[in-house]
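Beneath this line is the structure, given in structure tokens, with notes to follow.
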Amino acid sequence: MAPTTALTAAQAHARLHELTVIDVRTPGEYASGHLPGAHNVPLDHLDVALPALKAAAGRGDLLLVCSSGVRSGQARERLAEHGIAAAGLTGGTTAWTQLGHDVQRAAGSRAVWAMERQVRLAAGSLVLTGLLAGRCWPKARLLSAGIAGGLVFSALTDTCGMAKILAKLPHNQPKATDDLDATLAALTNPAGGHTGGPAGSEHRGGAPDLPSSGLQHSH
């Protein structure tokens, strides 16, 4: 397996000019604010993106990003299984924005909650619904029990079925986001001129040119 590592938000900011940033969040999350120049490859499309990601890794270091670091960690492990090394952004975009670093947003996009927050809302709402309905229909409490069991399973397996379902909802799949095929083509052939963000993106600054600290990557 290829070696993997992680970068803090400060380290990633210093090296942003030399990194190929892969945002594995949903298109909706990506459109609402992402690292400058990041390419959107949602986690559930990672397998089809492997050839393009391997090509990109052959040219330089990859940085995987999500909102908290959980999904980017899962993506990093899957890439490592295919001999593709990548770093993850510790703390995700949450840590990045907390330090005041710049982000890009698609023009006219509206803010979309991070997937972890969407899952908490959906799970909490279903549990509460089951408990309240159970006062009149006792069997409705099985809904709450099922959600609780699902959360335990999610923690034990480090997966989240609810997140996969929520990712398919319209607000997480805005039409303004770049087509995945175009993103993969840009990763395979950067000479095409694609910069990673959707057309009409608002760029809010960049990163200073500082010396590289070096990441291991496979070819």
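The values are calculated or read from the model by the stated rules, or taken from the named source; none is laboratory data. None of these values were measured; they are calculated from a predicted model. All accessible areas refer to the heavy atoms of the entire protein, side chains included, with ligands and DNA or RNA removed. Shrake-Rupley method; radii C 1.70, N 1.55, O 1.52, S 1.80 Å.
Points worth noting:
- Protein heavy-atom surface of segment 16-156, 1.4 angstrom probe: 62% of the accessible area is carbon and sulfur, with nucleic acids and ligands not counted.
- Each distinct pair of alpha carbons in segment 4-133 adds a 1/r term; the inverse of their mean, the Kirkwood radius, is 15.3 Å.
- For Gly88, distant residues with modelled amide H under 5 Å away: Thr5, Ala6, Leu7, Leu64
- The residues of segment 58-111 expose on average 40 square angstrom of accessible surface per residue, using a 1.4 Å probe on protein heavy atoms.
- Sorting Cys136, Cys66 by accessible area puts them as Cys136, Cys66; the probe is 1.4 Å, largest comes first, and only protein heavy atoms count.
- Placed amide H near Gly83: partners under 5 Å, 5+ positions off or other chain: Ala2
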